[in-house]
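A.B. asks: Got a structure for you, questions after.
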Amino acid sequence: MAETIPTDAVQDWLAANLPAWQLQNGYLRRVYKTPGWRVTLMVANAIGYMAEAADHHPELILNYASVEVHLETHNAGGITAKDYELARKIEETVLWFPDPLSTLTGPSGKWVERG
């Protein structure tokens with residue numbers, strides 16, 4: 001079983017690595033604001049794909065213009081390195097956007113807010 005990480009260490013790690021994430025009620029939490037339902041569903045599907053590939057499943061709360069992610073290692077009863085790793089991958093993927101020098105142009109409209 002994975003070893004849980006103490007609360008103060010989790011808060012320090014988040015501040016240093018994923019400042020938009022929070023520790024709340026024993027889980028890692030992040031809300032991604034989207035421009036609407038179409039992008040909300042794309043974000044949810046991307047997270048679902050990663051979670052299934054990792055065999056580590058967050059709780060997702062979907063609204064018209066947001067996706068809320070809750071991560072914890074249920075069988076360990078707290079936050080573990082698995083949560084850190086999946087949170088980092090979710091953040092990297094959801095906020096990915098083509099580099100300005102890329103031949104990929106990116107979407108023509110609004111996208112997921114970075115903050």
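The values are calculated or read from the model by the stated rules, or taken from the named source; none is laboratory data. From a predicted model like this one, the values you see are computed outputs, not experimental measurements. When we count neighbours, we look across all protein chains shown, and the Cβ atoms used for this are built from the backbone with ideal geometry, even at glycine. Calculation scope for accessible area: heavy atoms of the full protein, side chains included, ligands and nucleic acids excluded. Shrake-Rupley method; radii C 1.70, N 1.55, O 1.52, S 1.80 Å.
A.B. asks: With everything on Cα atoms, drop me the angle between helix 37-54 and the longest principal axis of the chain, reported from 0 to 90° to the nearest 10.
C.D. replies: That helix lies at roughly 40 degrees to the long axis.
A.B. asks: At 1.4 Å probe size, with the rest of the protein present, what percent of the exposed accessible area of the range 1-89 is carbon and sulfur atoms? Kindly include the intermediate steps, with their values, before the conclusion.
C.D. replies: On the way: 2510 of 4990 Å².
Percent of accessible area from carbon and sulfur atoms in the range 1-89: 50.
A.B. asks: Let me ask something else. Over the chain, average the accessible area per residue using a 1.4 Å probe and give it in Å², no decimals. Let's see the in-between values first.
C.D. replies: Working: 7090 Å² over 115 residues.
Per residue, the chain has an accessible area of 62 Å².
A.B. asks: Something else: Calculate how steeply helix 7-17 sits against the longest principal axis of the alpha-carbon atoms of the chain, using the helix alpha-carbon long axis, and give the answer as 0 to 90 degrees to the nearest 10.
C.D. replies: 30 degrees
A.B. asks: Still on this structure, I have one more. Mind putting a number on the dipole of the chain about its Cα centre? Charges go on the C-beta only, +1 for Lys and Arg and -1 for Asp and Glu, and I need it in Debye to the nearest 20.
C.D. replies: Working: 9 positive and 14 negative charges, 104 e Å.
Charge dipole of the chain: 500 debye, to the nearest 20.
A.B. asks: Take the Cα gyration tensor of the chain, multiply each eigenvalue by 5, square-root it, and list the three semi-axes largest first, rounded to whole angstrom. Before the final figure, lay out the partial values.
C.D. replies: Numbers: eigenvalues 138, 44, 35 Å².
Computed over the chain, the values are 26, 15, 13 Å.
A.B. asks: How much length, in nm to one decimal, is gained on full extension between Thr103 and Asn17, taken as 0.36 nm per residue of separation minus their Cα-Cα distance?
C.D. replies: 28.0 nm is the gain from fully extending Thr103 to Asn17.
A.B. asks: Applying the Karplus parametrisation 6.51 cos²θ - 1.76 cosθ + 1.60 with θ = phi - 60° to the phi angles of the range 63-75, what ³J(HN,Hα) value in whole Hz is obtained for each residue in order, glycine and proline being reported as x?
C.D. replies: Going residue by residue, I get 10, 3, 10, 6, 10, 9, 10, 10, 10, 7, 8, 4, 5 Hz, with x marking Gly and Pro.
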